[in-house]
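Read-outs throughout are calculated quantities, based only on the coordinates presented, and are distinct from any laboratory measurement. None of the values given here were measured: they were computed from a predicted structure. Here the Cβ is made from the backbone with ideal geometry for all residues, glycine too, and neighbour counts use every protein chain on show.
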Amino acid sequence: MSERYAPAARNLITIVGAALALFSFILIVFLLLIQFLGVRITPYIGILTFLALPILLVIGLLLIPLGIFWTRMQRRRRGIVSVAEALPLFPVLDLNVPRQQQTFALFAVATVFILALLGTVSYQSTEFMDSVTFCGQTCHTVMKPEYTAYLRSPHARVPCTSCHIGPGASWFVKSKLSGTYQIIATLFNTYPHPIPVPIKDLRPARETCEKCHWPEKFYSDKMMVFNRYASDEKNTEQKIFLLVKTGGGNERTGVSMGIHWHMNIRNEIRYIATDPERQNIPWVQVKSPNGEITEYMSTASPLTPQQIQAAEKRDMDCMDCHNRPTHIFYPPGRAVDDALGAKRIDVSLPYIKKKAVEALTTPYSTTEQAMEGIARAIDSYYKTSYPDIYAAKGKAIQTAITSLQQIYRENVFPSMKVTWDTYWDNIGHVDSPGCFRCHDGKHRSADGRIIRLECNICHSIPMAASSSSTALLTPQTLPPEPPSHKSPEWILKHGKEERTTCGACHAPSFCANTICHGRNWLEEASGHPQKQ
């Protein structure tokens, strides 16, 4: 007579698995219902709904048969022949038995329902992991600087994955593998402070940026107007007018000059950077449409043939100039100018431009300390130096303080060691080397040609005007460029002579004035200038 045993499903592993699966199943259905009803979920609820609970559900479902199999195997190992014969290792399905028919039907219905639920959750989990909420808010401390800048950028309606991943399965898989490492680094607090840039192995811009920004359509000129305020008592306003020669185009349009001459439509440009930030570029190679290859070497920091051979050579694309198209951190002077121009700060407050920049650039250990320090600096200055204005314009002073605190919160993040000069923006050359990384008058080819330096390759000569005269300034009424700047002799001369300043022809004050640079041109062309 064989021993009697309880059903194999009555074991601790199976019971725990069933409880875990049931618990996860109920919570997933509940949270999906909440989302279906339009309730906004937080990033952490999203992680629970689309990542954590589905994993627990699958684990619970796997534990159920695992427990049954383990129990059957242990009973067989007891060596009782009659028990081994009565209790086979795997269950026997006989649909002629009514009880087994009912069990099988219940199992089939439950399987279909669970698979449908897991399919829905899997699809939504993929969408959730590709969402801006997941990218920007899940790892709050790590991504706070970049997410804050993203929200006020021109790309605020473009999902992060459109640029960082793009279409296709291969890059999706690469991004998730990279994301796994990032999650581990976040959990163990081993991520760098600040996050280093540029991002290694970023997908080429041709496969992301150029899906929306069609390079062949980049041509003609663009009128730019900049509001600037002096650091004097009256915060004197000055408007800078600049005609930017966008350039670009292709053989069909017949336009291939200007800034977007660098695009790889008609020209192929490669370079070597000797620093991780790609700010020091001693070697540049240009391949023209007819196949001619020209190499330019910096006379200030030349490389040996062995170094050139061993170095990584990068194909120039959009991101080499537009390196901060979305995550933009503004220099304090520019941020204050924008606030003054938008009337968020009262321009009639004496020395507000100067004192605002001083308050913003004072070192602070925490954001809370910065909020207190900015408020104290502005409030005490007007209270002490301009008591009459302090009494008459108390509200305007408090509004200015609030605006400055907001500027600080949007650009400086002490917890991630992100401050005003952490990230360089390579558009232009006023607040960072930018164009001067190559166009510094020092990159010479073997036949004596030099990468040109002069201003009007990319834009017209800047013109400053007061508020009263701005209505007369248009692209047509800007002062014309000197005829000498258009002559073949002048272009040839500037392409053969090594220069680091326009002061050889123009008075030095012409370039190093408050309109454009306000600092020594040579310092800007040869290294990182001090941001203002």
- Task: Search the structure for amide H atoms under 5 Å from the amide H of MET463, placed 1.01 Å from N in the peptide plane, and list their residues when 5 or more places away or on another chain.
- Result: PHE241
- Taking 0.36 nm per residue of separation and subtracting the Cα-Cα distance, what length does fully extending MET223 through GLN101 add? 36.1 nm
- Task: Just check segment 346-476 against the gyration tensor rule for me: Cα atoms, a ≥ b ≥ c as the square roots of the eigenvalues, rounded for a/c under 1.5, and otherwise prolate or oblate depending on whether a/b exceeds b/c.
- Result: oblate
- Query: Using the per-residue mean of other Cβ atoms lying within 10 Å as a proxy for protection, in what order, highest first, do the peptides 171-182, 420-431 fall?
  - Reply: 420-431, 171-182
- What nm distance separates the two modelled labels at THR141 and GLU368, each placed 7 Å from Cα along Cα→Cβ? 1.5 nm
- Item | Computed Kirkwood radius, in angstrom, where 1/r is averaged over Cα pairs of segment 137-197 | 12.9 Å
- Pull out a ≥ b ≥ c, the square roots of the eigenvalues of the alpha-carbon gyration tensor of segment 139-252, then state rounded if a/c is under 1.5, prolate if not and a/b is larger than b/c, and oblate in the remaining case. oblate
- Message: Given the options PRO325, PRO282, LEU360, identify the residue whose Cα lies farthest towards the positive end of the charge dipole of segment 281-391 (+1 on Cβ of Lys, Arg; -1 on Cβ of Asp, Glu).
- Response: LEU360
